[in-house]
1. So I have [x] 1.20; [y] 0.96; [z] 1.00, and one of them is Rg/Rh (Cα atoms, Kirkwood Rh) calculated from this model. Which one is it?
2. Give the shape of segment 193-287 as rounded, prolate or oblate, defined through the alpha-carbon gyration tensor: a ≥ b ≥ c are the square roots of its eigenvalues, a/c under 1.5 means rounded, and otherwise the shape is prolate if a/b is larger than b/c and oblate if not.
3. When a/c is below 1.5 the answer is rounded, else prolate if a/b is larger than b/c, else oblate, so apply that to segment 118-188 with a ≥ b ≥ c taken from the square roots of the Cα gyration tensor eigenvalues.
4. What value in Å³ per residue do you get for the convex hull of the alpha-carbon atoms in segment 32-121?
5. Sort F43, F127 so that the residue with the fewest other Cβ atoms within 10 Å of its own Cβ comes first and the one with the most comes last.
6. So which GluC sites (Glu not before Pro) in segment 58-115 are both in a DSSP loop and have at most 11 other Cβ atoms within 10 Å of their Cβ?
7. Going by how many other Cβ atoms sit within 10 Å of their own, how do R244, R257, R51 line up, fewest first?
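None of the figures in this text is laboratory data; all of them are computed from the coordinates on show. What you see is a predicted model, and the numbers here were worked out from it, not measured in a lab. In this analysis, Cβ positions are derived from the backbone assuming ideal geometry, glycine residues included, and neighbour counts consider all displayed protein chains.
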Amino acid sequence: MSPQQKAGLLAEALPYIRAYRGKTLVIRFGGNAMADPDLKAGFARDVALLRLVGMKPIVVHGGGWRVDQLMQQMGIEVRRHHGIRVTDEPTLTVIEMALGELNQELAGLINRHGGRAVGLDGQDGAFIRARKRTIENGDDGAPDLGFVGDVEAIDTGLIDLLLERNFIPVIMPIGVGADGTAYHINSDLLAGRLARALQAEKLVLMTNVPGVYGRDGKIAYIVRASELEALLRDEIVQGGMRPRAHAALQAVREGVRSVHIIDGGVPSALLLEVLTVEGVGTAVRPDSGPHFIDDSRAYLLAQ
């Protein structure tokens, strides 16, 4: 790439930096990118860069692959029901151990690149209140899911305070019940709920696939909320993408300006999605308001 081409890329990012300066971005980090040291280090660098140019990133991370590794090493059976990990007390201990290790590592990597990351879980100040997830009626023979939780409420005061002081919250998906019981929460759902509570500018969901596929079998680079709802209703969106699509749909209908579903296996996918017109995944936007990428140049330059 010539110096002129590099300069062109930097210039392309300028209107996005202007538009999103001071805005909150909730980023769910997980999948294969967490297991690849180079991708993980690159993600940490990119998060630090977004903070240093004036945005307010918040990271919510998963780590199911590491939990599975530790459970196998410790001889604990991995049990799932409809894709949900059955979490008894020994399993919860392993989950907290694995997520805590990853949380500390990720915060350290961000700090190494000039960010000011702070590792958190929902038990800190009880800011993520959770309740036990129950099985839907009619699911005969379903096991007790144990310490699997849903988000009941989020007290954003702690997050607001950290953002005001230019810190980057790095959150592991553990919530706490009214009686002090810890619960493991799906990181996609937690990220979506946090983005809605903060009325975030963007929610970014990093996955192991390029994005949402449309009816033609190709990646849908821009999709409106009503279009995504139809894809879900007609079961065009399947498998592990369904909970992420539901999280995206609920977020844009409750105040989040846009949701991005991207492949974390692409180096610097976060920067490419946030700071370039083309992006690298699917952008979900509300049915009303600015037409995101379609109107991005006019919208961003008008800010």
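1. From the options [x] 1.20; [y] 0.96; [z] 1.00, the structure gives [y].
2. Values: a/c = 1.56, a/b = 1.04, b/c = 1.50.
Oblate.
3. It comes out prolate by the Cα gyration axes.
4. Working: hull volume 9.2 nm³, N = 90.
Hull volume over Cα atoms, normalised by residue count, gives 102 Å³.
5. On the way: F43 27, F127 21.
With the sparsest Cβ surroundings first, the list reads F127, F43.
6. E77
7. On the way: R244 25, R257 19, R51 22.
Listed from fewest to most nearby Cβ atoms, that is R257, R51, R244.
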